[in-house]
Amino acid sequence: MNKRTFLKLLSTLVATPVVSPALAWALGEKLKNWAGNFEYSTERLYSANSPQQVKDFVGKQARLKVLGTRHCFNRIADSSDYLLSLKAMDKVVTLDPQSRTVTIEPGMTYGQLCPYLDDKGFALHNLASLPHISVAGACSTATHGSGDGNGNLATAVSALEFVTASGELVKLSRAQNAETFHGAVVGLGALGVVTSLTLDIQPRYMMQQHVYENLPLGELKEHFDTITSSAYSVSLFTDWQKQRVNEVWLKSRIQEGKSFDAPKEFFGAKPATRNLHPIAELSAENCTPQMGVPGPWYERLPHFRMGFTPSAGKELQAEYFVPRQHAVEAILAVERLRDQVGPHLMISEIRSIAADDLWMSPCYKEPRVTIHFTCKPDWPAVQSLLPIIERELAPFDARPHWGKLFTINPATLRGKYNKLPDFIGLCNQYDRQGKFRNDFLNRNVFATTSLIKQ
Ligand SMILES: Cc1cc2nc3c(=O)[nH]c(=O)nc-3n(C[C@H](O)[C@H](O)[C@H](O)COP(=O)(O)OP(=O)(O)OC[C@H]3O[C@@H](n4cnc5c(N)ncnc54)[C@H](O)[C@@H]3O)c2cc1C
């Protein structure tokens, strides 16, 4: 950060009662996303630590975006005006054992929430591959884990509060406002500033993780449904080479003390003899324990451990959701691209997600399977590769992850969401002037570029 930027940041901070714990972070270097593949378009970063401060800040600005833990690979959270961090709002508000819900502030990460819940005897239904992401940011983009019976992480939300463009605090709940609530949960940061979330919880549970190596592609083709339903959460890692899935991760719940009956062979795949990283050559030190060792839900559902802070970046991610009934065809279509994908790929992951009722979720009313690509951090190469993958997946109505990289034509993308007109109507209701929009949203959701200054 240069001196001019520093003074600008300092003067904006002095001019407001909002204290900024994000200052040190912002002063260290240019503000980038986690992967470091882009710099945010402004360094005007503020931090609020109460709904009142959020209201005051929103009231003063013509345009702003909320920043979560900056794990999106695209510019969905970017702003050329102001960024607001709610990192300091990271507390549990209430835990209600009767209604089995927990209400939290928006800056809380899963890594902070899960040990707290577990300590109180409760758990969430699912988690993403890593726990370091904010709950509000994850739910805003329909972040998911895996499991035929598991909806994305936003399906646990039963109520949310947000500050609208006019500074009003709105509360929506599944029970009281079902229709608008379902539109608002996967809000893409476009409805307002989420200041609290209420999540469904359940009694804590124990899990085991078993990993198998070298599942023949032919077996996957023949037994896809049996394979993805063979545990509570199933992840298939492949580099698309040698007609095989490199690793199958089976995450099972221990029911009433009864362990998962791990087969000696899993559709031709052999049990791993040690803990593995999804990329077998890398150290598994940072991965959650495997080899069937029992452990609490939050130390088995993510692939990567809570205690470990992942180094920033060195990868680019893209991910596509295809309807479950087309999963095998779509997987085979990508496999045919193995020679083009191979040189740029670190690893791919295939996961399954249950249908939900959330308007902007890629799984709205339909179970889907995701095909994920962790690529080497070479954007020009990845930018050339993604259209090839997208062309191959187009016949299967592939929808990109809202927080990852894609090159799908915006009009094509908009056409994939039947509830988009209703979602835009909802955004207009709470944000008439487009205060919470940015270039990404204008292009991909609102089909306009007129509201944002570039
Ligand atoms: C290493 C890595 C692993 C990942 N693993 C998975 C995975 O397993 N499954 C998966 O589905 N995705 C995964 N992702 C993607 C990730 O879950 C999403 O990008 C998610 O949105 C990250 O949350 P965040 O808080 O970092 O988001 P940010 O990038 O900070 O923000 C995302 C969006 O949320 C909005 N937002 C954040 N907080 C608020 C708020 N309080 N009010 C209103 N809007 C808000 C922002 O404005 C923006 O629109 C992974 C990403 C990385 C980097």
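Note on the range 355-454: no enclosed helices (runs of 4 or more DSSP H) hold 3 or more residues that are at pLDDT below 95.
Residues in the range 424-434: is at least one in contact with an Asp or Glu (Cβ under 9 Å, 6 or more places away or on another chain) and more than 12 Å from the ligand (Cβ to nearest atom)? No, there is no match, as no residue in the range 424-434 is in contact with an Asp or Glu (Cβ under 9 Å, 6 or more places away or on another chain) and more than 12 Å from the ligand (Cβ to nearest atom). Within the range 131-155, the set of residues being open to solvent by less than 20 Å² (accessible area, probe 1.4 Å) and more than 25 Å from residue 308 (Cα to Cα) comprises 150, 151.
Note on the range 70-108: among residues that are polar (S, T, N, Q) and open to solvent by 40 Å² or more (accessible area, probe 1.4 Å), the one that is nearest to the ligand (Cβ to nearest atom) is 94. Taking the range 390-409, which residues are away from the ligand (no atom under 16 Å from the Cβ) and not hydroxyl-bearing (Ser, Thr, Tyr)? Scanning the range 390-409 gives 390, 391, 392, 393, 394, 395, 396, 397, 408, 409.
Could you look through the range 162-172, keep only residues that are more than 10 Å from the ligand (Cβ to nearest atom) and on the phi < 0 side of the Ramachandran plot, and pick out the one that is most open to solvent (accessible area, probe 1.4 Å)? The selected residue is 171. Assessment of the range 356-379 against the conditions (more than 14 Å from the ligand (Cβ to nearest atom), surrounded by fewer than 21 Cβ atoms within 10 Å (Cβ to Cβ) and farther than 23 Å from residue 128 by Cα) yields at least one matching residue. Just one of (1) under 21 Å from the mean Cα position of the chain (by Cα); (2) within 16 Å of the ligand (Cβ to nearest atom); (3) in a strand (DSSP E or B); (4) of a type in the set (S, T, N, Q) fails for residue 150. It is (3). In the range 125-136, the residues that are on the phi > 0 side of the Ramachandran plot form no Cβ pair under 7 Å with any partner that is part of a strand (DSSP E or B) and acidic (Asp, Glu), whether six or more places apart or across chains.
Given (1) over 20 Å from residue 108 (Cα atoms); (2) touching a Gly at 6+ places or on another chain (Cβ under 8 Å); (3) part of a strand (DSSP E or B), identify the lone condition not met by residue 167. For residue 167, the exception is condition (3). Among the residues making up the range 173-188, those that are in contact with a strand residue (DSSP E or B) (Cβ under 6 Å, 6 or more places away or on another chain), farther than 9 Å from residue 358 by Cα and in contact (Cβ under 8 Å) with a residue 24 or more places away in the chain are 173, 180.
Taking residues in the range 66-93 that are in contact (Cβ under 8 Å) with a residue 60 or more places away in the chain and over 20 Å from residue 163 (Cβ atoms), and partners anywhere that are open to solvent by 10 Å² or more (accessible area, probe 1.4 Å) and assigned to a strand (DSSP E or B), the pairs with Cβ atoms closer than 7 Å and at least 6 places apart or on different chains are 73/317. Out of all the residues in the range 55-65, which are open to solvent by less than 40 Å² (accessible area, probe 1.4 Å) and touching a residue at least 60 places away in the same chain (Cβ under 8 Å)? Answer for the range 55-65, where residues must be open to solvent by less than 40 Å² (accessible area, probe 1.4 Å) and touching a residue at least 60 places away in the same chain (Cβ under 8 Å): 58, 61, 64, 65.
Just a yes or no: is a residue in the range 174-192 charged (D, E, K, R), under 24 Å from residue 141 (Cβ atoms) and open to solvent by 10 Å² or more (accessible area, probe 1.4 Å)? Scanning the range 174-192 turns up at least one residue that is charged (D, E, K, R), under 24 Å from residue 141 (Cβ atoms) and open to solvent by 10 Å² or more (accessible area, probe 1.4 Å).
The values are calculated or read from the model by the stated rules, or taken from the named source; none is laboratory data. Predicted model, so just to flag it, every value in this text is computed and none were measured. Please note: Cβ atoms are built from the backbone with ideal geometry, for glycine as well, and neighbour counts cover all protein chains shown. Keep in mind that these areas ignore ligands, DNA and RNA; they rest on the heavy atoms of the full protein, side chains included. Shrake-Rupley method; radii C 1.70, N 1.55, O 1.52, S 1.80 Å.
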